[in-house]
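Notes for the one structure printed next.
Every read-out reported here was derived from the displayed coordinates using simple, explicitly stated rules and does not represent laboratory data. A quick note: this is a predicted structure, and the numbers were derived from the prediction, not measured. Cβ: placed from backbone, ideal geometry, glycine included. Neighbour counts: every protein chain shown.
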Amino acid sequence: MTGTAYGVRMRVLVTGGAGYIGSHTVVQLVAAGHGVVVVDSFANSKPTVMARLAALTGMDIPVHAFDLTDIDKTERLFAEEPFDAVIHFAGLKAVGESVEKPLEYYENNLGSTFSLVRAMRRHGVRFLVFSSSATVYGDAQEAATEDQATSATNPYGWTKVMQEQVLRDVARADPTMRVALLRYFNPVGAHPSGTIGEDPQGIPNNLVPFIAQVAVGRREALQVFGDDYPTPDGTGRRDYIHVEDLAAGHLAALTRLASTDAPVSTWNLGTGRPTSVLQMLHAFSRACGRELPYVVTARRAGDIATSYADPSRANAELGWYAERTVDDMCADTWRWQSANPTGYPDA
Ligand code: UFG
C-alpha cells in the first residue's frame, strides 16, 4: 500500500470482477491508480468481458478463473500475491432461483466468504469491502437506515444477512480488520462508452434489463407486475442507482477503510429517491426514442411496494453522492444494449 498525492494506492483483489458491478468497479480502480487482480468463476459472466476491460483501462488485468469455494485455490492465490484489500462481489444473486435451490445459495455464498476471509486472515489482508444488499432490510425498505434491524424474505436475502453477521463477528474477534458492508439498492445503467454493461443469462429477472431487451427487440412487451400497490401510479417503486455511482461508492469506501478506526462500517448506497415501474419505462422510451409496449399482470410473489435508501450516512462519512439521474441510467443502458443486442460475445 503506498500513499500518494492522490490518496492511498492499494493492490486490490476483486472477486466477481467480470460481473456487472465488479467490471465497472475494476475500471474505476485502475483509473484511480490501484493495482487490480480479478478472480471470477465465470458462472454468470463471460471471459470476453476481460478484453473490454483491457480496451477501457489500457491494461491487461490479471484474472484467475476459479470458484472461491475452492479453499486450496483461494489459499494459493493469497500465497502468491500480496493483496492489501479485497472487494467481494462474487456470489449467486437471483431471488427466485434461491427459493428453488436454497442449498446452492447457502453453500456458494457463505462458502466463498468463509474461504476468502480465512485466506485474508492467514495472509494479513485487513481491508474488505463486501457487496451486501437492501434485501437485508426485509420488508422494511422505505427510507431504510443502516441501524434498522436486518431480516430477509428469501434464501438469497438470508445469505446476505448471514454473510454480514459472519463479517461482523470476524472483525470483533480481530479488531485490526476493516470491513465495509455496502448495502446496494437497485443498480442499473452502464459505462458511458457502451462497451460494458449488464448481461443477464436467460430471461432477465430485473426491470431495467428486461425493458432494455424489449427496446432492442428481443422481448415483446414489459410485464408490469401489479398496478394496485399503494404508490402514486400503483406500480412498485425502487431506488435505482447508476452503476457508475455505485462503483464510485466502492472506491470511497476503500479509501475510508484506510483511515477509520471502526472495524466494521455499514453504508447504504442509493439515491434516496424512488422511481416507479411506469416512470422507468417512460424514461427508457425517451432514451431509445419510441414508446415501449407493456401489459399489466399480477403482482410478483415476494415484491414490496416501495424501497429506497436513506443514503445520508454514506454522504456524510464518505463524501459520496449518487449523482446520475434516471435519464442518465436509461441513456447509458440503451447505449450498451443497442451496441451489444445479445450481450457479450461468447469468444
Ligand atoms: N418489475 C416488473 N416487471 C419485470 C421486472 C420487475 O414490473 O419484468 C418490477 C418489480 O415488480 C419491482 C420493480 O420492477 O416493482 C423492480 O424489480 P427488480 O426485479 O428489478 O428489482 P427488485 O427490487 O425486486 O430486486 C432488487 C435486486 C435483488 C434485491 C432486491 C431487494 O435484484 O437482488 O432488489 O433489495 F434482493
* Inside the range 42-147, counting only helices (runs of 4 or more DSSP H) that do not spill past its ends, which hold 3 or more residues that are under 29 Å from Ile203 (Cβ atoms)? -> 49-57, 95-100, 102-105, 111-122
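Quick one: which residue in Thr306, Thr325 is in contact with a Pro (Cβ under 6 Å, 6 or more places away or on another chain) and surrounded by fewer than 17 Cβ atoms within 10 Å (Cβ to Cβ)? Spell out how you get there, then give the answer.
Values: Thr325 fails: in contact with a Pro (Cβ under 6 Å, 6 or more places away or on another chain).
It is Thr306.
One line per residue, one yes/no per condition, for (1) within 9 Å of the ligand (Cβ to nearest atom); (2) buried (at least 19 other Cβ atoms within 10 Å of the Cβ); (3) touching a residue at least 60 places away in the same chain (Cβ under 8 Å); (4) under 22 Å from the mean Cα position of the chain (by Cα):
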| residue | (1), (2), (3), (4) |
| --- | --- |
| Thr145 | no, no, yes, yes |
| Asp169 | no, no, no, no |
| Asn186 | yes, yes, yes, yes |
| Ala190 | no, yes, yes, yes |
| Ile196 | no, yes, yes, yes |
| Asn206 | yes, no, no, yes |
| Val216 | no, no, yes, no |
| Glu220 | no, no, yes, no |
| Thr235 | yes, yes, no, no |
* Just checking, which of Ala339, Ala331, Ala253 is of a type in the set (A, V, I, L, M), touching a residue at least 60 places away in the same chain (Cβ under 8 Å) and surrounded by 19 or more Cβ atoms within 10 Å (Cβ to Cβ)? -> Ala253
* **Of the criteria (1) among the charged types (D, E, K, R); (2) under 23 Å from Val38 (Cβ atoms); (3) without any contact (Cβ under 8 Å) to a residue 12 or more places away in the chain, which one Arg121 fails** => (3)
* To do: Among residues belonging to the range 67-94 that are within 16 Å of the ligand (Cβ to nearest atom) and surrounded by fewer than 21 Cβ atoms within 10 Å (Cβ to Cβ), point out the one that is farthest from Gly16 (Cα to Cα).
  => Ala94
* Determine whether Ala248 is within 25 Å of Ala32 (Cβ to Cβ), more than 16 Å from the ligand (Cβ to nearest atom) and over 20 Å from the mean Cα position of the chain (by Cα). => no
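Of Ser98, Ser133, which residue is in contact with a strand residue (DSSP E or B) (Cβ under 7 Å, 6 or more places away or on another chain) and of a type outside the set (Phe, Trp, Tyr)? Break it down into steps so the answer makes sense when it comes.
On the way: Ser98 fails: in contact with a strand residue (DSSP E or B) (Cβ under 7 Å, 6 or more places away or on another chain).
Of Ser98, Ser133, the one residue that is in contact with a strand residue (DSSP E or B) (Cβ under 7 Å, 6 or more places away or on another chain) and of a type outside the set (Phe, Trp, Tyr) is Ser133.
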